[in-house]
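Read the structure below first, then the notes.
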Amino acid sequence: MDLIEKLTIPHRLQKSMIFHSEYCQEHTYIKNGQETINPIQKMVIEGQVICPRCELEKEQKALTNKVQAYYDDIQGQKIYNTFFNKSIITDRTILSAAFENYETSIQEEIQNKNTCLEIAERLKSGQIFNTFLQGIQGTGKSHLAYSILRKINDAKLNKSCLFVNVEDMMRKIKDSFSNRESRYTERYFVDLLSKVDFLALDDIGAETGAIDTDKTATDFVQRVLYAITSTRQDKATIVTTNLNSEVLFKMYDKKLVSRLLKNPKYVLFKETKDKRLSNIPF
Ligand SMILES: [Zn+2]
């Protein structure tokens, strides 16, 4: 390339850019505190009249949207995984619980399963209410509570679900009193259980030990449940318990129980036998 050719490159480039007589009036700047139009001369590219600034802004917006979608996706995945990563489960078999594998043999079980399916749909649609699954041990209350949450979580509504065995949570908090390394502090659980959109408190009442109607929950248990329920008044909570409401009122602070029982949907097991006992061969 000789010197003359080098010197003419800008000139040639200038020549290949075809400016149009129109000016785009969409762009402004601030002059003396006033928004002032900054006219941008349009160009002809491949036979089309375009504003170079508008084109650039369009591209930047597309890129921003792409980045935003990427982060939304990561955030959505994180919310979805809350159910799997943060739930506190004692009985590992519950991890495979779903409506599809809830076995029904008597009318009550069929009806309760249908009620829970309906509850899942209503919660998915945005209705907010509490659910109270009550009956003797081993009737599949936890199975159904977990199934409701699974159904909601699988819908990927960007809403977090959490299943917590109350006794196990209380044990973990108690352990954290003497173990400073533990992440499972009272603060951790109160924050987590307050924040999630859908919470199942599994087997409430069992954390006080052997069921004794005269026994009241310890101050520590009351304090934790009180803190959680007070922040969940506009959120849906599912409770499973072997105890009836009369016993719950005796064991816990009345305000706490009232919150949990505020306008709930009841799912009662009166006839269903203990599924685990019926599986033992004689
Ligand atoms: Zn423009």
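A short reminder: the numbers here are calculations on the coordinates, not readings from a lab. Remember, it's a predicted structure, so these values are computed and weren't measured experimentally. Here Cβ is always computed from backbone atoms with ideal geometry, including for glycine, and neighbour counts include all displayed protein chains.
Quick rundown of the values:
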{"quantity": "Qualifying strands (runs of 3 or more DSSP E) (wholly inside region 20-124; at least 2 residues being aliphatic (A, V, I, L, M) and within 16 Å of the ligand (Cβ to nearest atom))", "calculated": "40-45, 48-50"}
{"quantity": "All positions within region 140-174 that are under 18 Å from Gly126 (Cβ atoms), of a type in the set (A, V, I, L, M) and part of a helix (DSSP H, G or I)", "calculated": "Ile148, Leu149, Ile152"}
